[in-house]
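Below: one structure, written as structure tokens.
The values are calculated or read from the model by the stated rules, or taken from the named source; none is laboratory data. If you're wondering where the values come from, they're calculated on a predicted model, not measured in any experiment. All Cβ positions, glycine included, derive from the backbone under ideal geometry; neighbour counts span all protein chains shown. Heavy atoms of the whole protein, side chains included, go into the accessibility calculation; ligands, DNA and RNA do not. Shrake-Rupley method; radii C 1.70, N 1.55, O 1.52, S 1.80 Å.
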Amino acid sequence: MGTSPTGRWMLRAAALAAALSVSALTSASFAADPIKIGSVVSATGPAAFLGDPEARTLKLYVEELNKKGGLLGRPVELILYDDGGDANKARTFATRLVEDDKVVAVAGGTSTGGTMAMIPVFEDAKIPFVSFAGGIEIIDPVRAFVFKTPHTDKTACQKIFEDMKARGFTKVGLISGTDGFGKSMRAQCLKVVKDYNITIVADESYGATDSDMTPQLNKIKNTAGLQAVLNPGFGQGPAIVTRNYAQLGIAVPLYQSHGVASKSFIDLAGPAANGVRLPAPALLVADKLADGDPQKPVVAAYKGSYEAATAQPVSTFGGYAFDGIQLVVQAIEKAKSADPQKIRDALEATKGYVGVTGIYTMSPTDHLGLGTDSFRMLEIKNGDWALAPAAK
């Protein structure tokens, strides 16, 4: 499979309601019935900073695709629903996509919880589903019709522990969100940490609606021998943790997950974010990549197109959506068919797709196709992303 189209998107995305059908069809140009691709994202609610750029990206891409002639000589109709961060709504919309909308594939699922709620619907209906969420349980064990674009939480743990080990840290504290992503990443970190000769010396958690994590952080701060802290989580929680961390004057390094790889996190955390490290795709440092990096032209094109069209900074979450819809579209092109089974087969046969998140190579035993080498370790400096300096 080739690289992503680099055409400049010029239309702004409209505000999302609870349910939106995005056709962008020009009936004068198309005589054939549309190819219907579905999506459910969290464009509003507590995960809006993830889902809003996903929704904007999907709409902009489909609009551009139809301008260029659609797929297989047919227009593409994107049927997009906003679950507001509610997993029950996500499942309801998934059922609607299958039973009422008759979609041939789905690219969506902002959160791990929402994605897991939708998976049984799409598996039962045999509709290929490419998720934008991080949890490893989405694709492990492998399910026939389920794929995803973000790195797994397990891979993020491995990347973080590689960096900690290189810096000589052996005693680490955890403070994790109790949301689906936070619980999943915590579990994966606990599974792999022994491979890096690192010991978890403190293990705290917080709820999705908690507004002050100082009690948990105080316990961690007072743990003997503490050398670094990792916060698996997404949404507003990690920003609160970061601010509280600075308020308490905790001196050891703070690591966040790829779940906060968005300028929104820096804005919410404020100056306290400076010095935080996290693994993230190349998209956030597009202008800092080496000229020979195969992802550089792809991420630069997406970044330029998205920011020109929306007047908003690009985020990795929009990138996950871009890769997701691209993988579906290229599978349809490769299969020369809008039959769901043939789309599924083509997705599983993806080889060397250069996306904004990484270079994907899937197989019957791997429905993600990314390793730790597709992550870049970043550090926030002066309110912006920078490549983290190598350990000395």
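The table that follows gives values for the structure above.
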read-out: Check: the chain dipole with +1 on Lys, Arg Cβ and -1 on Asp, Glu Cβ, in debye; value: 640 debye
read-out: Pairwise label distance in nanometres, Lys68 with Thr170, each label 7 Å out on the Cα-Cβ vector; value: 5.4 nm
read-out: Signed unit charges on C-beta, dipole axis of the chain, positive-most listed residue Thr57, Val276, Met164; value: Met164
read-out: Among Lys194, Lys159, Lys221: highest mean-square fluctuation, GNM of the chain, C-alpha pairs under 10 Å; value: Lys194
read-out: Compactness relative to 2.2 N^0.38 Å, alpha carbon Rg of the chain; value: 0.96
read-out: Sequence-distant residues sharing a close amide H with Ala105 (under 5 Å, placed H); value: Gly38
read-out: Amide H within-cut-off set for Leu71, under 5 Å, with H built and near neighbours excluded; value: Val76
read-out: Accessible area in square angstrom per residue, the chain, 1.4 angstrom probe; value: 37 Å²
read-out: Nearest-0.05 FRET efficiency for Thr365 and Asp124, computed from C-beta distance (R0 22 Å); value: 0.50
read-out: Cα-based helix-to-principal-axis angle, 316-335 vs the chain, degrees rounded to 10; value: 40 degrees
read-out: Inter-probe distance in nm under a simple model that places probes 7 Å from Cα toward Cβ, at Ala311 and Asp101; value: 2.8 nm
read-out: Helix-derived mean residue ellipticity, 222 nm - over the chain, DSSP H n ≥ 4, -39500 (n - 2.57), to 500; value: -11500 deg cm²/dmol
read-out: Extension gain (nm, one decimal) between Thr209 and Val142, 0.36 nm per residue minus Cα-Cα; value: 20.9 nm
read-out: In sequence order, calculated HN-Hα J values of the range 304-310 (Karplus, 6.51, -1.76, 1.60; Hz; x Gly/Pro); value: x, 5, 5, 5, 5, 7, 10
read-out: Percent accessible area from carbon and sulfur atoms, the chain, protein chains only, probe 1.4 Å; value: 51 percent
read-out: Cβ charges +1 (Lys, Arg) and -1 (Asp, Glu), total dipole of the range 189-323, debye; value: 240 debye
read-out: Asn88 versus Asn218: modelled label distance in nm, points set 7 Å from Cα along the beta carbon direction; value: 3.6 nm
read-out: FRET efficiency, 1/(1 + (r/R0)^6) with R0 25 Å, evaluated for Asp373 and Val252 via beta carbons; value: 0.35
read-out: Debye, to nearest 20: dipole size of the range 154-252, +1 on Lys, Arg Cβ, -1 on Asp, Glu Cβ; value: 260 debye
